[in-house]
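In what follows, a single structure is set out as structure tokens and then discussed.
The values are calculated or read from the model by the stated rules, or taken from the named source; none is laboratory data. Keep in mind that what you see is a predicted model, and the values were worked out from it rather than measured. Cβ placement follows ideal geometry from the backbone for every residue including glycine, while neighbour counts extend to all protein chains displayed.
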Amino acid sequence: MPAEAVTSDDALLESLVARARLEVGERRTSTLRDAVAIAARGSYLHALDDESAVARRRHLSGVAQEARMEYARAMRAAGSAGEALASARLVVEEDPYREDAWQEIMRTEAHLGGPAAALPAFLACERALRDVGLEPSRETRVLLARLRG
């Protein structure tokens, strides 16, 4: 009887994100979809608070965030703006200071609702950053200007 590999969700998540970096097109999108589905199951060993579990959880959160961002970009490029928006919003829910996610939301909102639709996302980004004494980067401001025409 052949031995079967045992794979935990955290190892599978990391493997899928690494594989997606090497793929293109629908295969990449499918791999990212699988990674995002694993990330949606919840955080790693959420009931444990020892140092190693916290460090691993933090690392995996970053991997999950990367998967969500890449999935959002892929979905927008594929014309699935609703899925793109949902994925990018999950990123800012977990990390409201992540400007690349706000930028993706701005792009997707403008795609869905026209140039003016990017402004509410920009303002939400601005508020989130203001809470920690920051302001949107030049890149985010330029994106807003470009999206608004």
Can you report the number of residues in segment 73-87 which are closer than 11 Å to residue 109 by Cα and surrounded by 24 or more Cβ atoms within 10 Å (Cβ to Cβ)? 1
Of the numbered conditions (1) outside any helix (DSSP H, G or I); (2) in contact with a His (Cβ under 8 Å, 6 or more places away or on another chain), residue 42 satisfies every one except a single condition; which is it? (2)
Extreme residue, modelled with the lowest pLDDT, among residues of segment 87-99 that are part of a helix (DSSP H, G or I) and more than 9 Å from the chain's Cα centre (by Cα): 94
What number goes with the only condition from (1) assigned by TED's automatic domain parsing to the domain that holds residue 17; (2) surrounded by 19 or more Cβ atoms within 10 Å (Cβ to Cβ); (3) more than 24 Å from residue 41 (Cβ to Cβ) that residue 70 does not pass? (3)
Enumerate the pairs (first residue in segment 94-108 and over 24 Å from residue 58 (Cβ atoms); second residue anywhere and in a helix (DSSP H, G or I) and among the basic types (Lys, Arg)) with beta-carbon separation below 6 Å, excluding pairs fewer than 6 apart on the same chain, so at least 6 apart or on different chains. 108/76
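Among 104, 135, which is the only one that is charged (D, E, K, R), in a helix (DSSP H, G or I) and modelled with pLDDT of 95 or more?
When all the criteria are applied, what remains is 104.
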A careful count of residues in segment 107-128 that are in contact with a Leu (Cβ under 9 Å, 6 or more places away or on another chain) and not in a helix (DSSP H, G or I) gives 0
What are the pairs with Cβ atoms under 8 angstrom where one residue, in segment 130-149, is in the same structural domain as residue 110 (by TED's automatic domain parsing) and the other, located anywhere, is of a type in the set (D, E, K, R) and assigned to a helix (DSSP H, G or I)? Sequence gap at least six, or different chains. 135/126; 136/99; 136/126; 137/99; 139/99; 140/99; 143/107; 147/107
Those residues of segment 112-141 that are out of contact with any Gly (no Cβ under 9 Å at 6 or more places or on another chain) and surrounded by 12 or more Cβ atoms within 10 Å (Cβ to Cβ) come to a total of 20
